Amino acid sequence: MNMQNLSFVRQDMVAASPRPSGRGGTLEWTRKNLFNSWLSTLLTVGSVLTVAWLIVAVAPWLGNSVWRANSLVECRQVLGDAPGACWGVIRDRWPQLLFGFYPAHLYWRPVLAFALLFAALAPVLLRALPRRALWFSIVYPGIAYFLIWGGSLWFPISVYFGFAVGAGLFMLAARAGKGPSVGIAVIGASVWWVYAAQPISSLADGMAPIALDSIASRDVGGFLLSIIIGVTGIAMSLPLGILLALGRRSNLPLIHMLSVVFIEFIRGVPLITLLFTASLLLNYFLPPGTNFDLILRVVIMVTLFASAYMAEVIRGGLAALPKGQYEAAEALGLDYWKSQQLVILPQALKISIPGIVNSFIGLFKDTTLVMFIGLLDPIALAAAIRANTNWQGIYWELFIFIGAVFFVFCFSMSRYSQYLERRLKTDHR
């Protein structure tokens, strides 16, 4: 039998047929997605009317904008009786909204620190870059501190040396087990930072002075302050949140209890209360003579606050993993830390990406709360600008601009999280 002559095997291709008229076009999509029921039709019509009303109300105000003016009176003279936005306040006070009261001739320092921030984040966020570039991400916090606040270069170096002290103590105490050695390393590094970092840096500065002009924290404000608190809190809350999540699931009663108490206490206290604690009470718990910078105290409190929420997000990811993953790690002969590092945490963090980014966005927006303890975030600067006689009475333009800048930052984080989810989505390919 010749298989080539079987009648049910087609020998030629069928020519492509045109799409049936009225199928797959814009009208069909509109009918299926916008008018497929009476409720959908009602919502569509209501939404269109609302958007049209907003455009009619706002478009003349935005279209009749004034960009060049030195005061609100000058804006109103240009506008006459017509409604219009006075964006001249943004043009006039842009440096103040961006840097606070940072000295104008030193703007290059925070600008350079901001530019280096991208170089430090790139090896962390982008897989295409080599892992060796992470060394710059590690040293970047000290460089940023030196550029923004100035002072002696030896101070951030002595702070970094505290990590070396902790690592050295960890290696010396390794025979006592990982738990005691970690405790000894943390205590040793803390003692170095509190008692030795400042004297050692002063001694080194006396022998080889390398310094920039010092800038007081009260001069740092605007979006620069929000970025400092937000980025530092985000970078530090993630590892702390991972440790707290592992501690809450630990079988060691003391570690479990301490983690639960910390998380529940922090989650039960409003952030504004912790900020007032950082502003007023934290110095009472430090050794006499210790003077913590206010921004540093705020960063510590914001980090602790965010790490408690981060711990619960990551604990959700750990709980979502099938039990077989834990059993597979044990079957491979991995110890606890290696199984967490190589098997459990990568999967748990992948599951928790939306929650983690949601916490990051919330943390970045909460940086505006520091205005209640006297720090000049963008909202506080907007109030100060409106109190000036030149701009007294202006309102919407400042807050629209501040909201737009925050939207850009938060939307960028959201888009990156979606990119990260697509990149790590390996289970359904």
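The values are calculated or read from the model by the stated rules, or taken from the named source; none is laboratory data. Remember, predicted model here, so these are calculated numbers, not experimental data. Ideal geometry is used to build each Cβ from the backbone, glycine not excepted, and the neighbour counts take in all protein chains shown. Side chains included, ligands, DNA and RNA excluded: accessible areas come from the protein's heavy atoms. Shrake-Rupley method; radii C 1.70, N 1.55, O 1.52, S 1.80 Å.
Sorted on the mean count of surrounding Cβ atoms within 10 Å across their residues, most packed first, peptides 373-386, 306-319 read 306-319, 373-386. Once the Kirkwood radius over Cα pairs is known for the stretch 1-145, the Stokes-Einstein relation at 4 °C and 1.567 mPa s delivers a diffusion coefficient of 55 µm²/s.
Other residues lying with their Cβ under 12 Å from the Cβ of I314 contribute a combined charge of +3, Lys and Arg counting +1, Asp and Glu -1.
Extending 7 Å from Cα along the Cβ direction at F276 and again at A319 yields two label points whose distance is 3.2 nm. In this Cβ point-charge picture (+1 for Lys and Arg, -1 for Asp and Glu), the stretch 30-130 has a dipole of about 360 debye about its Cα centre. Estimated from helical segments only, the mean residue ellipticity of the chain at 222 nm is -21500 deg cm²/dmol, where each DSSP H run of four or more residues counts as -39500 (n - 2.57).
Treating r as the C-beta distance of N358 and W61 and R0 as 30 Å, the FRET efficiency rounds to 0.35. Once the mean of 1/r is taken over each pair of separate Cα atoms and inverted, the stretch 307-429 shows a Kirkwood hydrodynamic radius of 17.8 Å.
With both labels modelled 7 Å from their Cα along Cα-to-Cβ, the I255 to W396 distance reads 5.7 nm. Using bins of 5 Å that start at zero, the share of Cα-Cα pairs per bin across the stretch 118-206 amounts to 3, 14, 16, 15, 17, 16, 12, 5, 1, in whole %.
Using only side-chain charges placed at the Cβ, +1 for Lys and Arg and -1 for Asp and Glu, the dipole size of the stretch 252-374 relative to its Cα centre rounds to 160 debye. Think of each Lys and Arg Cβ as +1 and each Asp and Glu Cβ as -1; about the Cα centre, that makes the dipole of the chain roughly 1180 debye. For the chain, the fraction of 1.4 Å probe accessible surface lying on carbon and sulfur atoms is 68 percent. Count Lys and Arg as plus one, Asp and Glu as minus one, and take only other residues whose Cβ is under 13 Å from that of A122; the net charge is then +3.
Each peptide in 340-347, 85-92 was scored by the mean count of other Cβ atoms within 10 Å over its residues; highest first, the order is 85-92, 340-347. When the chain is described by a simple charge dipole with +1 on each Lys and Arg Cβ and -1 on each Asp and Glu Cβ, the residue from V73, P354, Y102 located farthest towards its positive end is P354.
Please compute the contact order of the stretch 166-320 in relative form: average sequence separation of alpha-carbon pairs under 8 Å and at least six residues apart, divided by the residue count, as a percent. Taking the mean separation of contacting Cα pairs over the length of the stretch 166-320, I get 27 percent. Model label points for Q11 and F136, set 7 angstrom from Cα along the Cα-to-Cβ axis, are 6.7 nm apart. The simple Förster model, with R0 at 56 Å and r as the Cβ-Cβ distance, assigns E327 and I210 a FRET efficiency of 0.50.
Placing a label point 7 Å from the Cα of S414 along the Cα-to-Cβ direction, the residues of the stretch 345-388 with a backbone N closer than 18 Å are 353-367. Both the radius of gyration and Dmax for the chain are 28.7, 101 Å, in that order, over alpha-carbon atoms.
The gain in end-to-end length when the D335 to A119 segment is fully stretched comes to 74.2 nm, 0.36 nm per residue minus the alpha carbon separation.
With R₀ set to 45 Å, the beta-carbon distance separating L112 from L27 gives a calculated FRET efficiency near 0.20.
Working from Cα pairs under 8 Å separated by at least six residues, relative contact order for the chain is 16 percent. Within straight-line reach of K338, meaning a Cα separation under 18 Å, sit the following aspartates and glutamates at least 8 residues removed in sequence or on another chain: E327, E330. Hydrophobic, long helices, defined as DSSP H runs whose alpha-carbon span along the helix axis is 27 Å or greater and whose mean Kyte-Doolittle value is at least 0.5, occur in the chain at 38-63, 222-248, 294-320, 396-424. The residues of the chain have, on average, 61 Å² of accessible surface per residue, using a 1.4 Å probe with all protein chains present. Cβ distances below 4.7 Å define possible disulfide partners, and in the chain the cysteines left without one are C410.
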